[in-house]
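What follows is one structure encoded as structure tokens, with my remarks underneath.
The values are calculated or read from the model by the stated rules, or taken from the named source; none is laboratory data. Remember, it's a predicted structure, so these values are computed and weren't measured experimentally. In this analysis, Cβ positions are derived from the backbone assuming ideal geometry, glycine residues included, and neighbour counts consider all displayed protein chains.
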Amino acid sequence: MDINEYIDSGVLEAFLLGALTREEEELVLLKLENHPELRVELQAMEDAMLSYAQTQSKVPPPALQDKIWATINTPSQNVHENADDVEVNEFETTRKSVVMPFKPEYRRPLISWKYAAMILALVGSVAVNIYLVNEGRKAAEDKLALSQKLDKLEANQKQLAGLLATYQKSTEMKADTGMQTIVMHTVLVGHPMAATIYWSKGSGEAYVAMEALPAPPKGMQYQLWAIQGGKPVDMGVLKNDMANTPQMQKVDKLVTSSEAFAISLEKEGGSPTPTAQNIYVLGKA
Amino acid sequence: MGTPVTYNEDELVGLLKKQSREGFNYLYQQYSAVLYGVINKVVYDEHIAQDVLQEVFVKIWNNIDSYNPQKGRIYTWMLNIARNAAIDKLRSKGEIMKGKIHTGEDVVNNVSKGMKTEQMTDSIGLRKVVSGLRPEYESLIDMAYYKGYTMDEISKEMEIPLGTVKTRMRAAIQQLRGVFGK
């Protein structure tokens, strides 16, 4: 096969994604050795894959860094592990030959058959016990996995029930004639964002849903503003975990009058006046 | 969304081989989030994910001598360690449940995805880029890379011929290269 055909076949991509059998991987590795242009191609793919993985990055809990270092730094952990666990392709690496010291053999008289049978029975019994203990452990692990899966499903179900309740409430509010629905649209070109205010002019009660606002970066928080007499008036900060969900939260303050509503991104805890370039969405009442 | 990796690969390998605290701190700061992200794509439980992350760092630390630059980049090697460790953990914990629960989970995930009005809005726009990957490509990468399916299994699961699996893999990675390429 010509090298371009080889590249076009998608075998390198399958190799990168770990979808090849060990035999197929070996063939790819051979090809890579003989064709530097394949290596260049593969490296470009690796870079793209890293970038993709980086978009899904998640910062582990801060305490973990010291904990892991403590584990690494414990001498008992510094034993080379079986390379087979480490990487699919790395099976020839850490297997070192062990040199056994040679000792002249000391020959005992032959053990009697009776004695041998006893030892055999003992060994057999120990083996059966080890087997049973292992089986028991495996069953316990399976059970743990099962209950974790169930927990996860249950959590998902709760989340769905919560969403349903939110939708019901939102439908009721929309049906309430005393309630005005104001959709705030994006003011940043190229960033499609939106949030909704449900405002009862009569009672001054208001609810807000940030259904299409991105989660705020660390240390920042969204803040709601009512425009009264052309001036923005603070209506309180919004909970970070409500961003990008259709869930509604009650506005802390009573909104007696308002010409328009806006949401801006502020430092945690809010600001006395909105930061002009951080006003994300705006809607006229 | 870590910063792009600018560290020279040879230098990083050298740093790791020195086995110093500084080397570890650098490794951790640069790669813990992306490795943890990979692990979290595979296992759902946070405590298990943290255990796996620890295992992964220990493995990287203890096996850096067995890293062979001929076979790929250092971070590919590390990502693979993370992915393999996570998949191993998942398999050791819940092999029997695999078939049944997976389908249920996927349904739930799809429903909650569909309910989010706008998944594509992110101030930096990265989510958008990722979602910009065609859905069949995204699920292909998920199955192969994060769930450890072989091409045979993917072909059966997605009900497409083996040749098409490979072609699609190529197209998927090509699209990623288009998005992230320099």
Open item on the list: Of the conditions (1) without any contact (Cβ under 8 Å) to a residue 24 or more places away in the chain; (2) more than 10 Å from chain B (Cβ to nearest Cβ), A:H35 satisfies every one except a single condition; which number is it?
Closed with: (1)
Open item on the list: On the basis of being over 25 Å from the mean Cα position of the chain (by Cα) and either modelled with pLDDT of 75 or more or crowded, with 16+ Cβ neighbours inside 10 Å (or both), does A:T55 make the cut?
Closed with: no
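Residue by residue, here is whether (1) within 26 Å of A:P272 (Cβ to Cβ); (2) within 12 Å of chain B (Cβ to nearest Cβ); (3) without any contact (Cβ under 8 Å) to a residue 60 or more places away in the chain holds:
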| site | (1), (2), (3) |
| --- | --- |
| A:L188 | yes, yes, no |
| A:A209 | yes, yes, yes |
| A:M220 | yes, yes, yes |
| A:N240 | yes, no, yes |
| A:M248 | yes, no, no |
- [ ] Please work out which one of (1) among the aliphatic types (A, V, I, L, M); (2) free of Cβ contacts under 8 Å to residues at least 24 places away in the same chain; (3) assigned to a helix (DSSP H, G or I) is the condition A:L20 fails and give its number.
- [x] (3)
- [ ] Would you check if B:G72 is crowded, with 21+ Cβ neighbours inside 10 Å, out of contact with any Ser or Thr (no Cβ under 6 Å at 6 or more places or on another chain) and modelled with pLDDT under 90?
- [x] yes
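Counting only residues that are basic (K, R) and either surrounded by fewer than 15 Cβ atoms within 10 Å (Cβ to Cβ) or in contact with a strand residue (DSSP E or B) (Cβ under 8 Å, 6 or more places away or on another chain) (or both), how many does segment A:142-178 have?
Adding up the residues that qualify gives 4.
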Open item on the list: Cβ contacts < 8 Å: first residue within 15 Å of B:Y28 (Cβ to Cβ), restricted to segment B:53-80; second residue β-branched (V, I, T) and assigned to a loop (DSSP other than H, G, I, E, B), any location; separation 6+ or different chain. Result?
Closed with: B:Y75/B:V5
Task: Hits in segment A:38-55 - residues which are more than 22 Å from B:L35 (Cβ to Cβ) and either facing another protein chain (nearest Cβ under 9 Å) or in contact (Cβ under 8 Å) with a residue 40 or more places away in the chain (or both) - done: A:R39
